[in-house]
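The values are calculated or read from the model by the stated rules, or taken from the named source; none is laboratory data. Treat the numbers as computed from the prediction; the structure is a model and nothing was measured. No Cβ is skipped: glycine too gets one built from the backbone with ideal geometry, and neighbour counts run over all protein chains shown.
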Amino acid sequence: MCGRFAQYRSWDDYFDALGIEDDQLIYDPEPITRYNVALGTRVLLLNQRDDHLHLDPVFWGYGPDWWRKQPLINARSETAATGRMFKPLWQHGRAVVPADGWFEWQKVGSRKQPWFIYHQQREPLFFAAIGKAPFDKEQGQEGFVIVTAASNKGMVDIHDRRPLVLRADAVAEWLSQETSPERAHQIADEAVLPESAFRWHLVTKKVGNIHNQGQELVEET
């Protein structure tokens, strides 16, 4: 998965798609209008703490003190639950990124062509994520990563990895602090949208510049 996605609907739209109500959540009908979300920026992250759901702006990237490279932005679903880097996050820092689609770049000759990938019915997407909880505390570069899965046969012509997109009815259990790491692994295997749930089209190369925003970035060219 490339390090770019779109998060442009309102908070209310995402909450409605999940069918959730929580008196601690802040509801807002105004669109977020982020059509070109880049790594290293703060992203609205849905998470649970103190038995309530919260939507917090969290740094997209994860690099603990001992990590001497650039912060990572993705974690493979196959190894995230057991590897040194991500096992603690899988156990105690599961979260969800509400989104509307993501971008991938396909190499065509000497150039790279961007694509926008989204739900067949244009429904909101919910990327599985893990990070350094609690998410309302300043953690520097210990933010969050998006969990990815193999594209199998559906999108491998564009990219061999994709975000792990949870079904809306699985989000609450994924976020629950009562869900065991083992059960979370089952959810990551069984409660995700298949490649057939998505469509994709070519988009403008302007999306390559993180300073560009606007609806035209997700429109077909």
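Could we say that Lys137 is charged (D, E, K, R), surrounded by fewer than 24 Cβ atoms within 10 Å (Cβ to Cβ) and more than 23 Å from Tyr35 (Cβ to Cβ) here?
Values: charged (D, E, K, R): yes; surrounded by fewer than 24 Cβ atoms within 10 Å (Cβ to Cβ): yes; more than 23 Å from Tyr35 (Cβ to Cβ): yes.
The answer is yes for Lys137.
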- Task: Only residues that are surrounded by fewer than 21 Cβ atoms within 10 Å (Cβ to Cβ) and assigned to a strand (DSSP E or B): list them for region 31-52, please.
- Result: Pro31, Arg34, Ala38, Arg42, Leu44, Arg49, His52
- Task: State yes or no: is Pro114 over 15 Å from the mean Cα position of the chain (by Cα) and touching a residue at least 40 places away in the same chain (Cβ under 8 Å)?
- Result: yes
- Query: Can you name the condition, by its number, that Lys137 falls short on among (1) at pLDDT below 95; (2) touching a strand residue (DSSP E or B) at 6+ places or on another chain (Cβ under 8 Å); (3) within 22 Å of Asp22 (Cα to Cα)?
  - Reply: (2)
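Going by the structure shown, is Arg84 of a type in the set (Lys, Arg), under 28 Å from Gln213 (Cα atoms) and over 13 Å from the mean Cα position of the chain (by Cα)?
Working: of a type in the set (Lys, Arg): yes; under 28 Å from Gln213 (Cα atoms): no; over 13 Å from the mean Cα position of the chain (by Cα): yes.
Spelling it out, it is not the case that Arg84 is of a type in the set (Lys, Arg), under 28 Å from Gln213 (Cα atoms) and over 13 Å from the mean Cα position of the chain (by Cα).
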- Item | Conditions (1) under 15 Å from the mean Cα position of the chain (by Cα); (2) crowded, with 17+ Cβ neighbours inside 10 Å; (3) modelled with pLDDT of 90 or more; (4) not aromatic (Phe, Trp, Tyr); number of the one not met by Arg167 | (2)
- Item | Residue satisfying all of: in region 8-30; assigned to a loop (DSSP other than H, G, I, E, B), of a type in the set (D, E, K, R) and surrounded by 12 or more Cβ atoms within 10 Å (Cβ to Cβ); modelled with the highest pLDDT among these | Arg9
- Could you grab me the full set of residues in region 88-111 that are touching a residue at least 24 places away in the same chain (Cβ under 8 Å), in contact with a helix residue (DSSP H, G or I) (Cβ under 9 Å, 6 or more places away or on another chain) and among the charged types (D, E, K, R)? Arg94, Asp100
- Query: Is there any pair with a first residue in region 198-210 that is under 22 Å from Phe127 (Cα atoms) and a second that is in a loop (DSSP other than H, G, I, E, B) whose Cβ atoms are under 6 Å apart and which are 6 or more apart or on different chains, and what are they?
  - Reply: Arg199/Gln120; His201/Glu220; Leu202/Thr221; Val203/Thr221
- Item | Breaking point among (1) closer than 23 Å to Gln186 by Cβ; (2) under 17 Å from the mean Cα position of the chain (by Cα); (3) of a type in the set (Ser, Thr, Tyr), for Tyr8 | (1)
